Structures are given as C-alpha cells and as structure tokens.
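**Q** If you scroll down you'll find the structure; I have some questions about it.
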Amino acid sequence: MSLLPRTAEEFSSAEYWERFFRRRGDKAFEWYGDYGQLCGVLHRYMKPRDKVLVVGCGNSELSEQLYDVGYQQLISIDISETAVAHMKQRNAERRPGLTFLQVDATQTPFESGTFQAALDKGTLDAMAAEEEGLLATRMLAEVGRVLAVGGRYVCVSLAQEHVVKMAVEHFVREGWAVRAHCLGNQDCGSASFALPLFVLVCTKFRKPPPAPVLEVCQGEDGPPCRLATVLELLRVVKERQAYALLRQKLRTDTDGSRSPSLTLCHASTGRPRYTLTVQDSPATAKVPRANHFAIFIVPQGRESDWLYGSAEGRSQLARSANFRRLVIVAMHRDQEYQDMQSVQSELSPMVMELAPPGMPAHQQVPFLSVGGELGWREVVSQGKSALSGEYCVEDVRGEDGLLYRRLVFLDNAGVVQSESRLSSTPAASGRKKNKKKKPKPEAPPTQGGANTATTAVDKTFLCCAHHQVMVAGLSLLRMGFGESNGAPVSVLLVGLGGGGLPQFLRDFVPGASVEVVELDPAMLEVAQQWFGFRVDDRLKVVLGDGLEHINTLENQGGHSYDVIMFDVDSKDPTLGMSCPPPAFVETTFLKKVHNLLTARGVFMLNLVCRDSSLRESVLERVREVFSCVLSRGIEGEVNQLLLCTHGEGTNTFASPQALRKAGKSLQEVLHASNAPCKPEIDIATLLGDLKIT
C-alpha cells in the first residue's frame, strides 16, 4: 500500500491528505521527529501559558504530548476532515480542552494577533512542494497575521534549499528575526537516506530592525552564530546536510578508495577550527581485529606536509597506523588550542559519529599524534593583496624541531607559497600562541640592512626542493662551453615569492646579477619585511607582468641572459596546471625566451601540472623550442623541473661523468663565495636524478 505521494506536488494537495489519513487510520504518523526529539527546542521558544496554533497537525501525537506537559491553550488545525475527526475522537475523554479544527492554513478564521506561537511540523515542506510555492507563501502570510508582536513561528523542516530560501526571504522582508537550529538526523525510513532536522524560529517584531537578524545554532541549546545574509544561512544549512549524509555513508560503508573531508567550525564565531579527513584501509589490508578506529592529530603548522596534505601521504599514514578507519585532524590558524587533552575532549563527541560500521559499542578509540604534542604555530603577519587575495606569514616548528617561516595564500591554504628556515628562535616562540598583539614591523628596507622582523631568516638554506634543483641547474652553464669560473652570470627570474631563491643566487653565486619580475607589489613588501630579501646593485626587482616584460625585452633587442627561470603560479584554480600560467608555455612565447638566452644559456621551468595530457602537451612545446630538455621530479610533490638549453655541446648532457664534474665545480664555486656562511646544498645529489625528456 502506497502512503507517500507519487509526485512532490501531491504534498500540497488536500485530496492527497484526505486519502492518506483514511488509509492510515488512527495510527499516529510522526513525519519529522517525535516529542522526545523536539521538546528541548519547543520548550525554549513556547511557554505553557502561550496560546499556540498547531498548523497541519495531521494525526501526530505532538499536540497531545504538549497538552499533557502543561500547554493548555492549543488549537490544532488540519485541512483533512478525516484527520481532524480521528483526533477529536481520540482525545474526547482524556483531553477535553484540546481543540482540533478542520481549517485551511492559508485562510483561517482567527482574529489578527491571536496567538503567541505557531507550531508547524512538516506542513511548510509539504505546501512548498507546489511548483510555484504560492500556497506556502499564503500560509506564511496568514501565520504572520494571526501571531501577536513578539510571537514566534516555530517550523520543523528538512530545510530543502527552495523551502528555506522562500521562508527566510519572506520573513526578512517582513522585518522578522530568523534563527535556525540544526538538530540530529531524522531517519526517513531508509538506511541510505538520513537528513538532519532543522527548526526555524521566526520572531515577529513591532518595527523592522535596521539590518536582517539571521542566526544559526547547532543543537537545541547551542549558542547563536550571527550571519549577514540569507545566502550565508543557506550555505550553513547545506553544509549541515552534507555532513549528515557523509556521516550516514560512513556509518554504513568503508571505502579505501575515497578520503572524504569536512570542516568543523567554532560554534559561536562560525570560523573553521578543525578539518577532518577520513581514510579507510583497503578491504584487502590485514588489520588487527581490535584496530577499528583511531584519530590522528596533525601538529600545528604541519598540515601542508606531504604526509598530511596529500592523498598519497595520508594513505601512507593510514597504512602505518594500521586501523580500519583513521580520521586525520588538522587544526586551523587563528585558533587557540590549550593542550592535547582539551583537543581530545572537544573532538570526541563529533569524531565518534564517524566510527566505521561494526565497531563494538564500548570500543576504546585512541588519539594518535607526533610525540604527543600539538605542535606550534604563530601568525606573525596577515594582509590582503589586490592580486593574490588574503595571505598570512607564520612561524612553525618543523619535524626536525627547527623553526620555519612560511607565506600562505589563504584561498589555497593547503599550499605553502614560500618558506625559509629561521636561524634563531623568535622572541614569541613557545607551544602556546602569544595572545599579545605582535608589533607591526618597520617600513621595508631598500638599499640597506634588514629590519628586526627578518634578522632570524637563514639565507644559507633553500627550503623548497625545486629551488635547490634550479640552483644545481647552473651547472649546465659550464657543460660544453668551456670554463667560465668567476665569469658574470646574468639571471632573469619571473616570480619572487618570499625572495629566497634570488637572494641565494645573489649571495652565493660570485658575479651573479639577478633581475626579478614580480606582478604583485604586496609580495615584494612581504619578502622585504619578513623573509630578509634585500635589493642592491646585483639584485633588483621589476614590478610588472612577466609576459609583458619578456615581450618588451625581446622586441627591444640587445638583451640577453645566461639563465631564465619561471617560478610563477597561476591564479586560476580551475586549470589543471597551477604553475606556470598557460600563456608562459605557449610556443610563440617560449621562442621569445629562447631568443633572450645567451649561447650557453639555460631556461628553467617549474612545472606543476596534475593533468597528464596537459603536462605532455607542455613538454612537447618545450622540446619543440629547445634542443635538449632535462627534467627532475620532486619527491612527494607534483613539481617537475625542466632544464632546457640550445646550441652546440648539448650532447654532453648524456654523460653522467660530465654532470658530476660540472656539479662538483659549481659546489666549489658556491663554497668559495665571499658570503660569511657557506650554503647548505648538495649539488651532486640534485643532479643525480636528472633525465633527458
């Protein structure tokens, strides 16, 4: 026997409900939760002395249960004659004061301002199923009419987007306050379909507020989080629904091929606090029977490490932990975390909802970490660039126990844009974040020394492996072109970042003259203030578009460089290639780069491309322009470094002996520089993995 409508629009049909209740008989039908699940939030917004209109009561027991706990002024209405007759008959003796009326909720006979509350459990959802939602809009207007000032419309709903949007926009136009409570999941009769219940509480004001009052709460008594727009509220609702569906999926299935993630936000501020990634072991893995479930806490500042920030790394971490399911937890910047115990206490209720199917009820779930510590991170600067968006500079403690300074673009917070090792511990170091506001650094230096914010940067060490390979690539200048020890080396670098690479070239390559092209003026300021970058007569910066700059140089003629390096990212995340932007690897532009190189010159390209077909297309274009192309991957990264040359003598690239000899010579040159400290770089190892592409 079918008790549910064949089409959604039948929900809004009076004929459907009449048929429904005739078939259902006296048996109560609780659409969206029962009294036990709803009583907390209902008692918060409806008082026993209130006169309450129950809209679309059906044959639910909710009116009866409210009456039994003291709500004596209830009037329950429904469009179905059968439902109302059943309810009257069922309560005639036990609850003589409980009133049931057959009334159309869109046009009631009550005086304006009669009720202090209107309770709706699923009626709005049913009426909004009509194609244009006209019935639902008329019902909301009627509810607004019969409620007194200060009265509340309490609506229990599954919060489909079109329903919530219609209701919230209606009440915002009327000048009402709207608060949404997200309750637990409502099982709608299928193990594969479980959505959370929402309770919309809309309060009637005498005068409209100057700005919309929109709030969301987690649970029946969670603190309200204020939102600015209806779109924000809709986003929060969708996030809660997505989490509920994910949780239901995880409770019923394990899948080692997927690693879904979700973000947990601070209840009062709405700001991201934790990101949880679920990693299941493959079905073929030999996992001890007792190892059902574990939680791994990623140290602060380490979330971008390969082991935690990449799918391959997390898979390896899960294999090492050897549990059926591992939840990997990353902590967010700009959040306070007291200690490991407090983090465990905060996370336990939520992460236990993600346990794998079949886990025993009282199974102990271990929290894992690196050395039992939370790690350490301090944000030393934040800003916003017109070109790169919001960014932050932060100091973190690495796996080796040393401190590192990082530049991170917040629209791609999982990627470290630039990184430098710190040679000494900053004054504010420690496990707990310093709550005192860090003083703003002085104006960036120009031709002089670094300011106090940058004196701790260790310029002898390049953190980025692809930067080390680029330095090692200078060895190719010496192959097949005769000895040039001590000869000037001219370098054109597109992309400044934190300035570590050009500063290293200027400090440790004798005779090097480095010209950097940087599109974003804010990045130059960051490099100078926080990464010890200093311009002088051998290191200069041109602010502008790298494409335009190279076009201009090639058109003018008379310009040439021994080395041209591209280390510039794309701002378009939809592309399959994040570095460089596509225009930099068009054939016509690569030919201009070729024309700007000296006879012994080397072109170096940092290629970051996850799309294999696109990557092969780029390689074909590069090989079309340059006589010989060497490549080297970066372990644990997508980066592929291309070292390209032209002219005679390039066949010597095929000789490992020649590579070793050139690398040894470059190592000697670097260590013979006049810099006060020697660079930490192993040229021979970096060159050992070069391959002809």
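The values are calculated or read from the model by the stated rules, or taken from the named source; none is laboratory data. On a predicted model such as this, the values are computed, not experimentally measured, just so you know. Neighbour counts run over all protein chains shown; Cβ positions are idealised from the backbone, glycine included. Heavy atoms of the whole protein, side chains included, go into the accessibility calculation; ligands, DNA and RNA do not. Shrake-Rupley method; radii C 1.70, N 1.55, O 1.52, S 1.80 Å.
**Q** Working only within segment 337-348, note down all residues that are crowded, with 18+ Cβ neighbours inside 10 Å and under 23 Å from residue 400 (Cβ atoms).
**A** Within segment 337-348, the subset crowded, with 18+ Cβ neighbours inside 10 Å is 337, 343, 347.
Scanning segment 337-348 gives a single hit, 337.
**Q** Taking segment 560-574 only, how many residues are of a type outside the set (Asp, Glu) and free of Cβ contacts under 8 Å to residues at least 12 places away in the same chain? Show your work before the answer.
**A** Filtering segment 560-574 for residues of a type outside the set (Asp, Glu) gives 560-561, 563-566, 568, 570-571, 573-574.
This time we only want the ones that are free of Cβ contacts under 8 Å to residues at least 12 places away in the same chain, so: 574.
Qualifying residue count, segment 560-574: 1.
**Q** Name the single residue, out of those in segment 668-684 being without any contact (Cβ under 8 Å) to a residue 60 or more places away in the chain and more than 40 Å from the chain's Cα centre (by Cα), that is least open to solvent (accessible area, probe 1.4 Å).
**A** Taking segment 668-684 first, the residues without any contact (Cβ under 8 Å) to a residue 60 or more places away in the chain are 668, 671, 676, 682, 684.
Now drop any that are not more than 40 Å from the chain's Cα centre (by Cα), which leaves 668, 671, 676.
Details: 668: 106, 671: 71, 676: 132 Å².
Among those that are without any contact (Cβ under 8 Å) to a residue 60 or more places away in the chain and more than 40 Å from the chain's Cα centre (by Cα), it is 671.
**Q** If you go through segment 323-330 one residue at a time, do you hit one that is among the basic types (Lys, Arg), open to solvent by 50 Å² or more (accessible area, probe 1.4 Å) and in a loop (DSSP other than H, G, I, E, B)?
**A** Looking through segment 323-330, at least one residue is among the basic types (Lys, Arg), open to solvent by 50 Å² or more (accessible area, probe 1.4 Å) and in a loop (DSSP other than H, G, I, E, B).
**Q** All but one of (1) at pLDDT 90 or above; (2) surrounded by 13 or more Cβ atoms within 10 Å (Cβ to Cβ); (3) over 23 Å from residue 265 (Cα atoms) hold for residue 165, so report the exception by its number.
**A** Condition not satisfied by residue 165: (3).
**Q** Would you mind listing the strands (runs of 3 or more DSSP E) fully within segment 44-132 where at least 1 residues are in contact (Cβ under 8 Å) with a residue 60 or more places away in the chain, open to solvent by less than 50 Å² (accessible area, probe 1.4 Å) and not basic (Lys, Arg)? So that I can check it myself, show each step before the final result.
**A** Working: elements: 52-55, 74-78, 99-102, 115-121.
Counting at least 1 such residues, we get 52-55, 74-78, 115-121.
**Q** When you go through 232, 174, 220, 239 one by one, which is the residue that is among the charged types (D, E, K, R) and modelled with pLDDT of 95 or more? Reasoning before the result, please.
**A** Details: 232 fails: modelled with pLDDT of 95 or more; 220 fails: modelled with pLDDT of 95 or more; 239 fails: modelled with pLDDT of 95 or more.
It is 174.
**Q** Out of curiosity, is residue 252 free of Cβ contacts under 8 Å to residues at least 40 places away in the same chain, more than 18 Å from residue 331 (Cβ to Cβ) and among the β-branched types (Val, Ile, Thr)?
**A** Values: free of Cβ contacts under 8 Å to residues at least 40 places away in the same chain: no; more than 18 Å from residue 331 (Cβ to Cβ): yes; among the β-branched types (Val, Ile, Thr): yes.
So residue 252 does not fit the description; no.
**Q** With the requirement that a residue be under 29 Å from residue 339 (Cβ atoms) and crowded, with 21+ Cβ neighbours inside 10 Å, what does segment 379-390 give you?
**A** Within segment 379-390, no residue meets the criteria.
**Q** While we're on this one: Quick check: anything in segment 600-623 among the polar types (S, T, N, Q), open to solvent by 30 Å² or more (accessible area, probe 1.4 Å) and touching a His at 6+ places or on another chain (Cβ under 9 Å)?
**A** Within segment 600-623, the subset among the polar types (S, T, N, Q) is 606, 612-613, 617.
Filter again for open to solvent by 30 Å² or more (accessible area, probe 1.4 Å), leaving 612-613, 617.
Of the ones still in play, those that are also touching a His at 6+ places or on another chain (Cβ under 9 Å) are none.
No, every residue in segment 600-623 fails to be among the polar types (S, T, N, Q), open to solvent by 30 Å² or more (accessible area, probe 1.4 Å) and touching a His at 6+ places or on another chain (Cβ under 9 Å).
**Q** Against the definition (within 22 Å of the chain's Cα centre (by Cα) and surrounded by fewer than 16 Cβ atoms within 10 Å (Cβ to Cβ)), how does residue 318 come out, yes or no?
**A** Working: within 22 Å of the chain's Cα centre (by Cα): yes; surrounded by fewer than 16 Cβ atoms within 10 Å (Cβ to Cβ): no.
No.
Each row is one residue, and each column tells you yes or no for (1) at pLDDT 90 or above; (2) at positive phi; (3) crowded, with 19+ Cβ neighbours inside 10 Å.
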site: 266; (1), (2), (3): no, no, no
site: 270; (1), (2), (3): no, yes, no
site: 278; (1), (2), (3): yes, no, yes
site: 284; (1), (2), (3): no, no, no
site: 335; (1), (2), (3): no, no, no
site: 350; (1), (2), (3): no, no, no
site: 353; (1), (2), (3): no, no, no
site: 361; (1), (2), (3): no, no, no
